[in-house]
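Working notes, beginning with the structure itself.
The values are calculated or read from the model by the stated rules, or taken from the named source; none is laboratory data. As the structure is a computational prediction, the values presented were derived from the model and not from experiment. Heads up, the Cβs are rebuilt from the backbone with ideal geometry, glycines too, and the neighbour counts pull from every protein chain shown.
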Amino acid sequence: MGLVLPGIGNGLAIFNLRQYFLSIPLSYREAATIDGASEPRVLASVYVPLGGTALANSALLIFLGQWTAYLWPLLVVSEARLQVAPVALARTFGEHEFNFGQNFAGAVVLSLVPALTMLILQRSFGGLALATGEK
């Protein structure tokens with residue numbers, strides 16, 4: 001819990017979402033309200049579908065921040081089996097001996113996961129400018 005919960009309240013992701021939702025025109029909210037939609041319905045029917053790209057972007061920011069975290073997991077987790085990948089990779093370096101193959105393989109795995117995540121999520125970033133629908 002100490003590794004997951006602090007990352008959810010990421011200030012950069014909150015700012016990113018706030019700025020995106022402020023850029024959605026008020027006319028959409030007004031039109032939904034005139035049609036009889038309540039506030040939760042406006043949120044679910046207007047803002048969430050339009051905010052898919054911003055939500056994907058914020059999720060990616062949070063994931064990358066947590067994936068590359070080093071100091072916080074080092075402070076919070078004391079058991080070696082619960083350590084995150086960057087801390088585990090750092091522990092493979094010894095003072096007098098080291099295995100370059102093992103260190104390089106760990107670094108490749110650490111960099112492949114974010115790269116594959118970006119490859120999978122790249123579709124959701126295409127409609128950032130087109131999502132508002134206004135001319």
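Observations on the model:
Conditions (1) polar (S, T, N, Q); (2) at pLDDT 85 or above; (3) on the phi > 0 side of the Ramachandran plot; (4) exposed (fewer than 13 other Cβ atoms within 10 Å of the Cβ), marked per residue:
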site	(1), (2), (3), (4)
59	no, yes, no, no
66	yes, yes, no, no
72	no, yes, no, no
77	no, yes, no, no
84	no, yes, no, no
87	no, yes, no, no
96	no, no, no, yes
102	yes, yes, no, yes
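- Pick from the stretch 30-72, criterion within 21 Å of the chain's Cα centre (by Cα) and of a type in the set (Ser, Thr, Tyr), ranking: farthest from residue 115 (Cα to Cα): 47
- Scanning the stretch 15-48 for residues that are in contact (Cβ under 8 Å) with a residue 12 or more places away in the chain, not in a loop (DSSP other than H, G, I, E, B) and not small (Gly, Ala, Ser) yields a total of 9.
- When the stretch 1-13 is filtered for residues that are part of a helix (DSSP H, G or I) and either touching a residue at least 24 places away in the same chain (Cβ under 8 Å) or of a type in the set (S, T, N, Q) (or both), the ones remaining, listed by number, are 6, 7, 8, 12, 13.
- Within the stretch 17-45, the residues that satisfy the criterion of being of a type outside the set (Ser, Thr, Tyr) and within 24 Å of residue 62 (Cβ to Cβ) are 17, 18, 19, 21, 22, 24, 43, 44.
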